[in-house]
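Colleague: Sharing a structure, written as structure tokens. Questions coming.
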Amino acid sequence: MCGGDPHQTVLGTVRDMITVHRVVQTTLDAPSTFAYLSAFEHTPTWDPGTPVVEKQSTGPVAVGTKYHAVAEFRGKRQQIDSVVTEISADRIQLRGENKTVISVDTISVRPSKSGSEVTYTAEFTLKGFAKLAEPFVKPMFEKLGDPAADGMKKQLDSLATTPQSG
């Protein structure tokens, strides 16, 4: 994308929820983009804040598919277990939880003139004592969004230029 920021940013708190939202333009076509991103185990290839994601279920991605992830936040590794709660031809939603946070990640993909547009929203609800730190950690959550969006764009664009074997 020439002449500007390749993703848009919105940060807010709605009903005690921290929301990080990005829109990423890629040259990869929409079906290929969605196929890649909906396989959540690919997340470490584009999100440096999530170095490990393991699919715990067998078979194709569907409602109920389970993942175990390791996320890095403030220099500490956090374990989080997630489950696919919604999936369609162009949208997937996962809900993850551990002792301090509930996360809901939503990815939707639509065709664009140059390939596809990905809308990624991560919503975090802090639990217990962690909730008291929300005003202080909101900016830290926001900082996680840019490297993830940049990594997503770079990875998807590289897939668009990689010759497919067949």
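Values in this text are rule-based calculations from the coordinates and carry no lab data. Since the model is a prediction, treat every value here as computed from it, not as a measurement. For neighbour counting, all protein chains shown are included, and Cβ atoms are generated from backbone atoms with ideal geometry for every residue, glycine included.
Colleague: Can you list residues from other chains, or at least 5 along the same chain, whose modelled amide H is less than 5 Å from the amide H of SER57?
Modeller: Placed amide hydrogens put LYS66 under 5 Å from SER57.
Colleague: If you don't mind, another one. Dipole magnitude of the chain about its Cα centre, charges +1 at Lys/Arg Cβ and -1 at Asp/Glu Cβ only, in debye to the nearest 20?
Modeller: Details: 18 positive and 19 negative charges, 71 e Å.
I would put it at about 340 debye.
Colleague: Tell me which lysines have Cα within less than 19 Å of LYS143's Cα, excluding those fewer than 8 residues away on the same chain?
Modeller: LYS76, LYS131, LYS153, LYS154
Colleague: Cross-link candidates for LYS99: which aspartates and glutamates have Cα within less than 17 Å, leaving aside residues fewer than 8 places away along the same chain?
Modeller: LYS99 reaches ASP16, GLU72, ASP81, GLU123, GLU134.
Colleague: In µm²/s, what is D for the chain at 20 °C and 1.002 mPa s, where D = kT/(6 pi eta Rh) by Stokes-Einstein and Rh is the Kirkwood radius from Cα pairs? Display every interim value, and only then the final one.
Modeller: Numbers: Rh = 16.4 Å.
After rounding, the answer is 131 µm²/s.
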